[in-house]
Amino acid sequence: MLAVLRNTTYRRLFTAQIVALLGTGLLTVALGLLAFDLAGKDAGAILGTALTIKMAAYVGFAPVINAVTAALPKKPVLIGADLLRAAMALCLPFITEAWQIYVVIFLLQSASATFTPAFQSLIPAVLPRENDYTRALSLSRLAYDLEALASPAIAALLLTVLSYNTLFLGTVAGFLLSALMVAGTALPAKALPTAAGGAVPKSSPANSAPPGNAPKEAPASLWHRTTLGARIFWRTPKLRSLLALNLVVAAPTALVLVNTVVYVREVLHRPETDLALALACFGIGSMAVALSAPRVLERFGDRPVMLAGAAAIPTVLAAVSAMTFLTGPDAASTWPVLLLLWFLLGAGNATILTPSARLLREASTEETRPYVFTAQFSLSHACYILTYPLAGWLGAAAGLGPAALMLTIVAMIGGTGAFLSWPKNPAPQRAEPATRNL
């Protein structure tokens with residue numbers, strides 16, 4: 001897996017990703033504690049609202065900004081997004097009202113909606129070989145998982161001597177370091193269509209245009225470019241299944257990010273550092289799967305692995321709901337059980353998230369890839385517009401048990417849709433070019 005780090009460009013981009021993720025991880029812990037400081041037992045409602053606004057920015061902003069910036073060099077786009085994220089994070093220590101959280105989160109996540117798809121669409125150009133790209137995906141997933149482990153650990157250490165507001169300064173530093181790393185990296189030039197002499201990777205048939213149809217330039221219409229990725233999703237069975245799998249992933253993620261602080265601080269009355277420990281268990285579970293992903297995917301393929309995760313996640317969510325209803329969330333034995341369930345939820349998520357970019361790569365050409373990655377970014381985050389309010393608002397109004405039960409049902413619906421949408425032996429498909437008649 002680590003062999004791909006011999007590629008200098010990828011190594012620097014990966015380093016930029018890590019430092020930005022560490023900053024984001026500190027933000028996650030500090031934001032939860034800020035919400036609890038402002039609202040106490042209703043902190044889940046504030047977090048649910050803030051994270052729903054975050055997802056709305058992703059869904060509404062990412063496709064448009066990708067269409068607007070598609071012709072621009074990637075380096076200034078990435079650096080500009082990092083600088084805006086750092087500026088917004090710098091405002092967070094001075095927040096005293098919930099509405100201020102919502103404004104800053106919207107602006108910060110709009111910048112992330114610019115950065116993340118642009119960053120992800122660069123990796124296939126940097127690592128055109130399929131095996132290298134698969135290893136990079138696992139390494140990227142591992143980076144997310146290490147962040148989910150390292151950031152809470154760092155936060156827990158800092159919280160022993162500093163206030164949680166100091167963690168926001170770590171977020172600022174992470175985004176600034178990411179911008180510096182991108183600035184010092186020689187990024188690949190924008191790929192040209194094959195008809196104009198640009199090279200398309202030959203490691204996968206999916207990267208070639210259909211015979212007899214030379215790829216054309218991306219259409220000039222802003223509306224066409226904005227909706228192109230979503231239309232490719234709808235026409236591709238694997239990607240339609242991925243849409244349903246996004247809903248499965250959104251359910252446990254919402255439960256963990258929104259309600260962990262309520263479980264730890266309000267229900268179990270445990271110290272602030274235990275919030276970091278619970279979030280770390282979620283990351284450890286995901287990391288355990290990411291480490292074994294290349295070997296498992298090579299042996300079993302994408303479909304069995306991803307659908308196994310789709311079956312496991314509702315089962316674990318049901319156990320969370322049962323734990324809350326049957327034993328009572330304040331039982332002495334609940335804390336270790338909660339840590340175990342958070343570990344399993346992280347592992348289930350990784351079985352879906354790690355291979356997902358392989359499907360996007362197979363279903364796209366060089367010219368359509370940014371649109372497909374952006375569509376996945378927006379459509380996957382659209383699922384959180386449903387799950388974050390369920391976790392936050394329902395959890396505050398009806399309790400953690402009903403919230404976990406509703407998220408279980410959501411995951412079951414997504415899992416069923418994924419099984420039905422992904423045929424066991426699909427007919428071979430070629431990636432579609434970005435022609436005007438799509």
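The values are calculated or read from the model by the stated rules, or taken from the named source; none is laboratory data. Since we're looking at a predicted model, the values are computed, not measured. Ideal geometry is used to build each Cβ from the backbone, glycine not excepted, and the neighbour counts take in all protein chains shown.
For the reader, a short list of remarks on this structure follows.
- Meets criteria (hydrophobic (A, V, I, L, M, F, W, C) and free of Cβ contacts under 8 Å to residues at least 24 places away in the same chain) for Met55: no
- Hey, Leu243 at pLDDT 85 or above, under 19 Å from the mean Cα position of the chain (by Cα), surrounded by fewer than 24 Cβ atoms within 10 Å (Cβ to Cβ) and farther than 26 Å from Trp422 by Cα or not: no
- Qualifying residue in segment 135-151 (condition: at pLDDT below 80, surrounded by fewer than 19 Cβ atoms within 10 Å (Cβ to Cβ), out of contact with any Ser or Thr (no Cβ under 8 Å at 6 or more places or on another chain) and more than 20 Å from Ser356 (Cβ to Cβ)): yes
- Scanning segment 298-314 for residues that are modelled with pLDDT of 95 or more and outside any helix (DSSP H, G or I) returns no hits.
- Qualifying helices (runs of 4 or more DSSP H) (wholly inside segment 1-98; at least 1 residues being more than 20 Å from Ser378 (Cβ to Cβ) and among the aromatic types (Phe, Trp, Tyr)): 8-39
- The set of residues in segment 301-324 that are small (Gly, Ala, Ser) and surrounded by fewer than 19 Cβ atoms within 10 Å (Cβ to Cβ) comprises Gly301, Ala308, Ala311, Ala318, Ala319, Ala322.
- Residue match in segment 379-397 (condition: among the polar types (S, T, N, Q), at pLDDT below 80, in a helix (DSSP H, G or I) and under 23 Å from Ala111 (Cβ atoms)): no
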